[in-house]
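Enquirer: Sending over a structure as C-alpha cells; questions will come in a sec.
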Amino acid sequence: MNPAKNYDLAIIGSGPGGYVAALYASRQKLNVCVIEKDSVGGTCLNRGCIPTKALLHSAFLASKIKDSGEFGIDIDGFKLNFPAITSRKDMIVSRLRAGIETLFRGSKVNLIKGAAKFKSADTLTVNGEDIHAGHFIIATGSKPSALPGITIDEIDICSSDGILQLKEVPKSITIVGGGVIGCEFASLFNALGSKVSIVELLDRILPTQSREVSKKMEMIFKKRGVTISTSTKFNPTSSPGLASPGLGKVLIAVGRRPDTEGLCLEGIGISLEKGRVVVDKNLRTTLKNIYAIGDCVSGPQLAHKASYDGILAVDNILGHPRESDYSNIPNCIWTDPEVASVGLTEEDAKAKHPDARIAKFPYLASGKAYIMGRPEGFIKLIGDSKGNILGVEIFGEEACDLIGEAALARAKGATIKELSRVVHGHPTLSEIFQEAAHIFCGTPVHSV
C-alpha cells in the first residue's frame with residue numbers, strides 16, 4: 001500500500017468548512033488530505049460570499065458617489081465600468097484562492113483534485129486511485145435549487161452561480177425568491193441601474209427575519225423602484241425579464257440543496273434525508289469514523305457555520321467531545337441597508353418566552369450614523385425578565401460587522417444590564433448597543 005495515500009483524515013470539499021477543518025487538523029499533527037473536484041474555496045469563495053460581496057461593495061460605492069453632493073462633494077462625469085467591476089471581483093477570488101493553496105502547502109495538507117466516492121468506510125476512490133484514512137469529513141456544500149418545469153440555461157434564466165458570469169448589467173432582471181440571496185442581488189442590480197422585480201411565493205421577503213425588518217426592507221426597495229410581488233408564483237411566460245431577449249434576465253434564487261450526489265454514501269451505510277447527510281450532535285454520521293459538516297447537514301447554510309462545524313468535527317475526531325449548537329450563529333444579509341441578527345427573532349422570542357420584551361434604538365439618534373449620511377435603521381434587543389439576551393436584530397449601516405458584539409455577549413452569557421455598562425467609543429455606530437441596553441433597563445439616555 002502506498003504510504004502517500006494513507007491519511008489520518010481525508011476531507012471531501014475545500015469550502016469554508018473543509019479547508020478550515022483541514023488547516024485546524026494539520027496543526028493538531030494529523031496527516032490530512034483534501035479532495036476537491038472543482039476550485040479550491042468552494043461555493044463561498046468562488047460563487048457565493050466573496051464574489052457577491054465584492055460586487056455589492058462596488059454597488060455600494062456607486063450609491064455613495066451618487067449621494068456625494070450631500071457631503072459637499074460634486075462629481076461630474078461619473079459612470080459605471082461593469083467589466084472593471086467584474087474583473088476586480090475575479091481578482092479578489094483568485095487571490096484568496098491562491099491564499100488557501102499557500103496555507104495548504106505551508107501546513108502540509110495534501111490537495112487532491114478530482115471527484116471522490118466511497119468504496120468502503122475506510123476507503124475513497126479519486127481519479128481511479130484509492131485513498132485510505134482513519135477518519136473522513138464530508139464537506140461538499142450545496143448547490144442552487146431549481147424550480148420544476150423551469151430550465152436554467154445560464155443565459156436568459158440564471159442560477160445564483162451563473163448570474164455572477166454576466167458581462168454587462170441587464171436592462172431588467174426578475175428575481176424569483178425574496179430570501180437572502182434574492183434580496184442581495186436585488187440590492188446589487190438596483191444600484192447598478194437595472195429594473196428589478198422580485199417574485200416571492202411567501203407573504204413577505206426575508207422571511208427568516210422579523211416581520212418589521214421584512215416590511216422595512218420592502219418599503220426601501222419599493223422607494224428605489226424595485227417591484228415586489230409577494231404571495232405570488234413565478235410564471236415565466238409573463239416575466240418582464242424574458243419579454244426582451246438579450247436584455248432581460250431571470251434569476252432563480254429559491255434556496256440551495258445539499259450537494260451529496262455521486263459520493264455513494266448510502267452504499268456504505270450512511271443515512272441521508274432529502275439529500276442531506278444525517279448526523280448527530282457531534283456531527284458524526286451513521287458510521288462512527290465519518291463526519292459531515294456545513295451545508296450538506298442540517299442547520300443554517302452559512303459559511304461561518306461550516307467553519308464552526310469543521311473545527312468541532314476535528315475536535316471530536318481528536319477525542320475532545322463537543323456538541324454542535326447553532327443558537328448563537330449570526331445571520332448576515334448584505335443588502336443596502338444591511339441586516340444582521342443573532343438568537344431569536346422578536347416573534348419567536350415572544351412565542352417561546354411569555355416574559356420577552358424588546359428595546360429599540362434608532363440610527364436616527366446616532367451621531368455617527370448622521371455623520372455617515374446613513375441614519376436609516378435601528379437595533380432591537382430582545383430579552384427576558386431577568387435581562388438575558390434572547391436575540392438581537394440590527395437593520396442599518398455596518399449591521400453585519402456590528403452583530404459580532406451581540407454574538408460575543410450571548411456566547412459569554414452577558415446580561416443586558418452588563419451590556420449597558422460597556423463603554424463604547426464616541427462617535428461610533430457601536431454605541432447603539434449601550435443605548436438600546438439602557439432603554440431595556442429603564443435608564444434611557446439619548447431617547448425619550
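Enquirer: Out of curiosity, is Ser231 more than 21 Å from Leu80 (Cβ to Cβ) and polar (S, T, N, Q)?
Expert: Spelling it out, Ser231 is indeed more than 21 Å from Leu80 (Cβ to Cβ) and polar (S, T, N, Q).
Enquirer: Let me ask something else. Part of a loop (DSSP other than H, G, I, E, B), assigned by TED's automatic domain parsing to the domain that holds Gly15 and more than 17 Å from Pro144 (Cα to Cα): which single residue out of Lys233, Lys305, Lys281 fits that description?
Expert: Lys281
Enquirer: Now for a different question. For region 368-380, state whether one or more residues are closer than 22 Å to Lys305 by Cβ and outside any helix (DSSP H, G or I).
Expert: The answer is no; no qualifying residue exists.
Enquirer: Here's a follow-up. Among the residues of region 123-138, is any buried (at least 16 other Cβ atoms within 10 Å of the Cβ), on the phi < 0 side of the Ramachandran plot, part of a loop (DSSP other than H, G, I, E, B) and modelled with pLDDT of 95 or more?
Expert: No: zero hits.
Enquirer: Continuing with this model, one more query. Among the candidates Asp74, Asp38, which residue alone is surrounded by 13 or more Cβ atoms within 10 Å (Cβ to Cβ), free of Cβ contacts under 8 Å to residues at least 12 places away in the same chain and out of contact with any His (no Cβ under 7 Å at 6 or more places or on another chain)?
Expert: Exactly one of Asp74, Asp38 is surrounded by 13 or more Cβ atoms within 10 Å (Cβ to Cβ), free of Cβ contacts under 8 Å to residues at least 12 places away in the same chain and out of contact with any His (no Cβ under 7 Å at 6 or more places or on another chain), namely Asp38.
Enquirer: Follow-up question, since we're still on this one. Here are some residues: Ala21, Ala10. Which one is crowded, with 18+ Cβ neighbours inside 10 Å, over 23 Å from the mean Cα position of the chain (by Cα) and among the aliphatic types (A, V, I, L, M)?
Expert: Only one candidate passes the filter, namely Ala10.
Enquirer: Tally up the residues in region 409-448 that are in a loop (DSSP other than H, G, I, E, B) and under 14 Å from Ala365 (Cα atoms), please.
Expert: Residues in region 409-448 being in a loop (DSSP other than H, G, I, E, B) and under 14 Å from Ala365 (Cα atoms): 10 in total.
Enquirer: Given (1) more than 27 Å from Gly182 (Cβ to Cβ); (2) within 20 Å of the chain's Cα centre (by Cα); (3) of a type in the set (S, T, N, Q), identify the lone condition not met by Gln28.
Expert: (2)
A quick yes/no check of all residues on (1) at pLDDT below 95; (2) out of contact with any helix residue (DSSP H, G or I) (no Cβ under 6 Å at 6 or more places or on another chain); (3) under 19 Å from Val339 (Cα atoms):
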{"position": "Pro170", "(1), (2), (3)": "no, yes, no"}
{"position": "Thr174", "(1), (2), (3)": "no, yes, no"}
{"position": "Gly177", "(1), (2), (3)": "no, yes, yes"}
{"position": "Phe185", "(1), (2), (3)": "no, yes, yes"}
{"position": "Lys195", "(1), (2), (3)": "no, yes, no"}
{"position": "Ile198", "(1), (2), (3)": "no, no, yes"}
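Enquirer: Another question about this same structure. Please specify each residue of region 417-431 satisfying the condition of being surrounded by fewer than 19 Cβ atoms within 10 Å (Cβ to Cβ) and of a type outside the set (Ser, Thr, Tyr).
Expert: Lys417, Glu418, Arg421, Val422, Val423, His424, Gly425, His426, Pro427
Enquirer: May I pose another question? Mind listing whichever residues of region 147-200 are in a loop (DSSP other than H, G, I, E, B), without any contact (Cβ under 8 Å) to a residue 40 or more places away in the chain and hydrophobic (A, V, I, L, M, F, W, C)?
Expert: Hit for region 147-200 is Ile155, nothing else.
The values are calculated or read from the model by the stated rules, or taken from the named source; none is laboratory data. Quick caveat, the model's predicted, so the values are computed rather than measured. A quick note on method: Cβ atoms are made from the backbone with ideal geometry, for glycine too, and the neighbour counts reach across all protein chains shown.
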